[in-house]
Amino acid sequence: MADFIELKATDLAAMLCSRVCHDLINPVGAIGNGLEVLADPTQSAMADGAQELIANAAKQARAKLEFARLAYGASSTAGTDFDTRECERVARVYFEIEKADLDWQVPLILLPKHKAKLFMNMLLIAAMAVPRGGVVTARIEGAAGAEVFKLTSKSDPEKRQKTLMPSGAEGLLSGSPEGGVDARGIQPFYTGILARMTEMELKIGIENDVFEFSATPKAVAVAA
């Protein structure tokens, strides 16, 4: 196994910024292209298509920005708790641009900031397991302060697509990816950092074509 990787704060920030820029470059570019078409009088026949392109791209950009704000961003108050209603709102906005459907089975509770960010990042990884469609189920169970996060992803059998293990996820989550970490893998790597910060034990795998991803408080895991 590769050595455990410790990133400098500046490197982590730079890679997360690169990840956000990568997510936004296509929809922002599409908005620019649409506006150029609308500004060109010789392409008036394409105006309706350009307006639809702009609307769809703006929807994608908004969804990705809102998700990044919650999953990666910092709160103005160090001890702020996150309401799971806000997590659900952001998740549903994001899944409007995903091919998979979201089955949200999370109670209305307050989660410590870093635990909420962990859960949202886990949700993003669960969506990667069914890139061509399916259902992602998100659950939080257990007593306050000892919540267990459970996410499952199942591909759509009618489309005859297999559920996938997100590339390199296990090594990146553990903090010991064999090929190192760069901006492409920083999101699951950051998820692993959040799990260690909150003393949550991650478990990931695929069984019977169902992707299973859980986070359990270490004290609960040891007791079990």
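The values are calculated or read from the model by the stated rules, or taken from the named source; none is laboratory data. Bear in mind that the values here come from a model prediction, so they are computed numbers and not experimental data. All Cβ positions, even for glycine, are placed from backbone atoms using ideal geometry, and neighbour counts span all protein chains on display. Surface accessibility is based on the protein's heavy atoms, side chains included, excluding ligands, DNA and RNA. Shrake-Rupley method; radii C 1.70, N 1.55, O 1.52, S 1.80 Å.
Within region 197-224, how many residues turn out to be among the hydrophobic types (A, V, I, L, M, F, W, C) and open to solvent by 70 Å² or more (accessible area, probe 1.4 Å)?
So the answer is 6.
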**Request:** Determine whether residue 127 is hydrophobic (A, V, I, L, M, F, W, C) and in contact with a strand residue (DSSP E or B) (Cβ under 8 Å, 6 or more places away or on another chain).
**Result:** yes
**Asked** How many residues are touching a Phe, Trp or Tyr at 6+ places or on another chain (Cβ under 6 Å) and either under 23 Å from residue 136 (Cβ atoms) or without any contact (Cβ under 8 Å) to a residue 40 or more places away in the chain (or both) if we restrict to region 174-213?
**Response** 1
**Asked** Any idea which of 199, 212 is at pLDDT 95 or above and on the phi > 0 side of the Ramachandran plot?
**Response** 199
**Prompt:** Is it true that residue 135 is aliphatic (A, V, I, L, M), open to solvent by 20 Å² or more (accessible area, probe 1.4 Å) and touching a residue at least 12 places away in the same chain (Cβ under 8 Å)?
**Reply:** yes
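Among residues belonging to region 153-183 that are among the small types (Gly, Ala, Ser) and open to solvent by 20 Å² or more (accessible area, probe 1.4 Å), point out the one that is farthest from residue 113 (Cα to Cα). Before you say what the answer is, go through the steps one by one.
Looking only at region 153-183, we keep the residues that are among the small types (Gly, Ala, Ser), and these are 153, 155, 167-169, 171, 174-176, 179-180, 183.
With the extra rule that they be open to solvent by 20 Å² or more (accessible area, probe 1.4 Å), the set shrinks to 167-168, 171, 174, 179-180, 183.
On the way: 167: 27, 168: 26, 171: 25, 174: 21, 179: 30, 180: 28, 183: 23 Å.
Result: 179.
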**Prompt:** Which one is farthest from residue 99 (Cα to Cα) among residues in region 125-173 that are modelled with pLDDT of 90 or more, out of contact with any Phe, Trp or Tyr (no Cβ under 6 Å at 6 or more places or on another chain) and hydroxyl-bearing (Ser, Thr, Tyr)?
**Reply:** 152
**Prompt:** In region 184-196, which residue that is modelled with pLDDT of 95 or more and open to solvent by 30 Å² or more (accessible area, probe 1.4 Å) is nearest to residue 172 (Cα to Cα)?
**Reply:** 193
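Could you say which residue among 70, 102, 110 is of a type in the set (A, V, I, L, M, F, W, C), in contact with a helix residue (DSSP H, G or I) (Cβ under 9 Å, 6 or more places away or on another chain) and open to solvent by 80 Å² or more (accessible area, probe 1.4 Å)? Spell out the reasoning first.
On the way: 70 fails: open to solvent by 80 Å² or more (accessible area, probe 1.4 Å); 102 fails: open to solvent by 80 Å² or more (accessible area, probe 1.4 Å).
Among 70, 102, 110, only 110 is of a type in the set (A, V, I, L, M, F, W, C), in contact with a helix residue (DSSP H, G or I) (Cβ under 9 Å, 6 or more places away or on another chain) and open to solvent by 80 Å² or more (accessible area, probe 1.4 Å).
Being modelled with pLDDT of 95 or more and either charged (D, E, K, R) or out of contact with any Gly (no Cβ under 9 Å at 6 or more places or on another chain) (or both) narrows it down to one of 74, 91, 39, 9, so name that one. Talk me through it step by step, then tell me what you get.
Working: 74 fails: modelled with pLDDT of 95 or more; 39 fails: modelled with pLDDT of 95 or more; 9 fails: modelled with pLDDT of 95 or more.
When all the criteria are applied, what remains is 91.
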